[in-house]
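Notes to accompany the following structure.
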Amino acid sequence: MGFDACRRVVAGGLTGHLDPLDVFCFRQSAGRDVLKLIRALCAALLAAIFPTAASAGELFGGLHVHDVKTPLDKSGIEDGVDFSLGYRGGRIFGTFLQPYVFGALNSAGNTNYAAVGLSGRFGLGHGWYIRPGVGIAIHDGSAGKFYRTDKIAFGSRVLFEPELGIGAQVSRRVSIEASWVHMSHAQLEGRENPGIDNLGFRVNLKL
């Protein structure tokens, strides 16, 4: 259908007589071809950027106390525990950087969120390590600009998500780490920037 429609549209253009149905079919066919090309290019790009992510990655699960009041935030309003599950890929571009993605659900019905970013693991000796990371998070809580007493008004739907883990390798495939996860907009969306700090631990399983 795509080739025939194209032939008829070209022929019609040369003779000065274009059938609207042929033009419509041609546009539909061309649109499908463009979408297929975009999907193929995206797949090739991901394969080139993350060639070892699947083979060198790890799954991780976490348990965090939600909205712990610290000097880094102005919250301490919400409660509950965050249950998280994520995936961390292998090192990319020959560097120490590892892409990660995870989602977290709150046990008390407060803010849930998901984040994607880059982290790096640095050995401290005797199986201990430190893992800083920074990402972007999206949440389903309040994105309001003004302070609230019932829930955190984050000021933005999209937030920065720096995090830090300090852990130990307990076996060839398993490591455990204390984990801090912060989210805020760094005053890019206004001076109201309560932020949130979640403290807990993660268990990592190499695939």
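Values in this text are rule-based calculations from the coordinates and carry no lab data. If you're wondering where the values come from, they're calculated on a predicted model, not measured in any experiment. Don't worry about glycine lacking a Cβ; one is built from the backbone with ideal geometry, like all the others, and counts go over all protein chains shown.
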Original post:
What percent do you get for the relative contact order of segment 53-206 when only Cα pairs under 8 Å and 6+ apart count?
Top reply: 24 percent
**OP:** Grab the other residues whose beta carbon is less than 11 angstrom from that of A56, score K and R as +1, D and E as -1, and report the net.
**Re:** +2
Original post:
Treating the beta-carbon of each Lys and Arg as +1 and of each Asp and Glu as -1, no other charges, what is the dipole magnitude of segment 53-206 about its Cα centre, to the nearest 20 debye?
Top reply: 520 debye
Original post:
DSSP loop trypsin sites (Lys or Arg not before Pro) in segment 146-196 with at most 14 other Cβ atoms within 10 Å of their Cβ, which ones?
Top reply: R148, R157, R172, R173, R191
Original post:
So which chymotrypsin sites (Phe, Trp or Tyr not before Pro) in segment 117-184 end up in coil per DSSP with only 15 or fewer other C-beta atoms within 10 Å?
Top reply: F146, Y147
